[in-house]
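Structure first, commentary second.
Read the figures in this text as sums done on the coordinates, not as results from a lab. Treat the numbers as computed from the prediction; the structure is a model and nothing was measured. Note: ideal-geometry Cβ built from the backbone for every residue, glycine included; neighbour counts use all protein chains shown.
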Amino acid sequence: MDKKLENAYNLYLRGIRDGEITEVLTQYMGETYTQHSTGVSDGKEGFAQFFTDFFKRNPKRDIQVVRSFSDGNYVFMQVYQNLNDGAAKWVTADIFRADESER
């Protein structure tokens, strides 16, 4: 697995599933973070703020990567999320742009 994919996996699994925000911000996220969702502010602070509240609302998180691939400095991920024992279930798709150093 290349470094771009590894970082994206860790953002989901270590960060969103396991709640290890500090680890994600320092080890797997680049200097910038631009979010496409209007509910999440840009930047590392916006990511941390949104997911700190998300964890309180969703203490039980089963998150599995369904498929992923990279192309150039882009990573595409499709992820299954089952929150709070089935209270919410969905498949999300995200596109990440990796830093040039991760290519």
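Listed values, structure above:
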read-out: Residue list for region 24-49, restricted to those being in a helix (DSSP H, G or I) and free of Cβ contacts under 8 Å to residues at least 12 places away in the same chain; value: Thr26, Gly43, Glu45, Gln49
read-out: Enumeration of residues in region 20-34 that are under 12 Å from Arg97 (Cβ atoms) and either of a type in the set (Gly, Ala, Ser) or out of contact with any Lys or Arg (no Cβ under 9 Å at 6 or more places or on another chain) (or both); value: Gly30
read-out: Region 79-93 - residue that is surrounded by 11 or more Cβ atoms within 10 Å (Cβ to Cβ) and under 11 Å from the mean Cα position of the chain (by Cα) and, of those, farthest from Ile16 (Cα to Cα); value: Thr92
read-out: Hits in region 47-74 (condition: more than 29 Å from Asp85 (Cβ to Cβ) and surrounded by fewer than 10 Cβ atoms within 10 Å (Cβ to Cβ)); value: Asp71, Gly72
read-out: Unique match (being surrounded by fewer than 19 Cβ atoms within 10 Å (Cβ to Cβ) and under 18 Å from Tyr74 (Cα atoms)) among Lys3, Lys44; value: Lys3
read-out: Hits in region 4-23 - residues which are of a type in the set (Gly, Ala, Ser) and assigned to a helix (DSSP H, G or I); value: Ala8, Gly15
read-out: Top-ranked residue of region 50-64 - restricted to ones that are assigned to a helix (DSSP H, G or I) and farther than 20 Å from Tyr9 by Cβ, ranked as nearest to the chain's Cα centre (by Cα); value: Thr52
